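Below is one structure, written out as structure tokens; the observations come after it.
The values are calculated or read from the model by the stated rules, or taken from the named source; none is laboratory data. The shown structure was predicted, so the numbers you read here are calculated from the model rather than taken from an experiment. Cβ atoms come from the backbone with ideal geometry, glycine included; neighbour counts cover every protein chain shown. Accessible surface areas use protein heavy atoms only, side chains included; no ligands, DNA or RNA. Shrake-Rupley method; radii C 1.70, N 1.55, O 1.52, S 1.80 Å.
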Amino acid sequence: MTPSPIAPEQRYSALAMALHWLLALAIVGAFGVGLYMTGLPFSPARLKLYNWHKWAGVTILSLSALRLLWRLYKQPPADLPMPAWQALAAHWTHGALYALFFAVPLAGWAYSSAAGFPVVWFGLLPLPDLVSPDKALAETLKLTHKLLAYGLATLVLAHVAAALKHHLVDRDGLVQRMLPALH
């Protein structure tokens, strides 16, 4: 049994879809690079990956701001029928995801500032330090950034698992709302 086609008013806008998938790729990429780079010995390659990771973080922060502004401007489609606890879990998870879209890169930027390493977006745009250099604060912010990133990764996995459940078990068309229409 395949889900029936989704009516246009039940679908997300093209911009919302584009921002969703761009952020998904950027977050997965930044998390993967973050895991990989921290295990490398000090080297030019590690420094390059740290810069790429910072660039990804600032890009994620920018895309998140745009996504939030778009969501406030254009409300998402109404929820599909589902048990109240699932709707509540979905709304809570989405709210936590949005909060972490901002908290993770801001904690990373603050950590970089506290450690005395400037953030220069794509090597072109120097960003202001969020805090003054402070070794003890840098250690706290490093752990904060790491824990928030793991929290974000956990919620992303829960989000993907819920989407797969809706697609493969419920077959309710929920996933198609965030996919471009294929005609």
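Structure notes:
- Candidates in segment 161-183 are the residues that are of a type in the set (Lys, Arg) and open to solvent by less than 80 Å² (accessible area, probe 1.4 Å); of these, the one that is farthest from residue 9 (Cα to Cα) is 165.
- Where a residue in segment 106-120 is assigned to a helix (DSSP H, G or I) and of a type in the set (S, T, N, Q) and its partner, wherever it lies, is at pLDDT 95 or above and open to solvent by less than 50 Å² (accessible area, probe 1.4 Å), with Cβ under 6 Å and at least six apart: 112/119; 113/131
- Checked against the criterion of being in contact (Cβ under 8 Å) with a residue 12 or more places away in the chain and either on the phi < 0 side of the Ramachandran plot or surrounded by 15 or more Cβ atoms within 10 Å (Cβ to Cβ) (or both), the candidates 136, 158 yield just one match: 158.
- When 142, 146 are checked against the criterion of being surrounded by fewer than 18 Cβ atoms within 10 Å (Cβ to Cβ) and of a type in the set (Lys, Arg), 146 stands alone in meeting it.
- Test result for residue 52, modelled with pLDDT of 95 or more and surrounded by fewer than 19 Cβ atoms within 10 Å (Cβ to Cβ): yes
- Here 117, 101 are screened, and the one residue that is open to solvent by 50 Å² or more (accessible area, probe 1.4 Å) and hydrophobic (A, V, I, L, M, F, W, C) is 117.
- Test: residue in segment 15-37 that is of a type outside the set (S, T, N, Q), farther than 30 Å from residue 174 by Cα and open to solvent by 60 Å² or more (accessible area, probe 1.4 Å): yes
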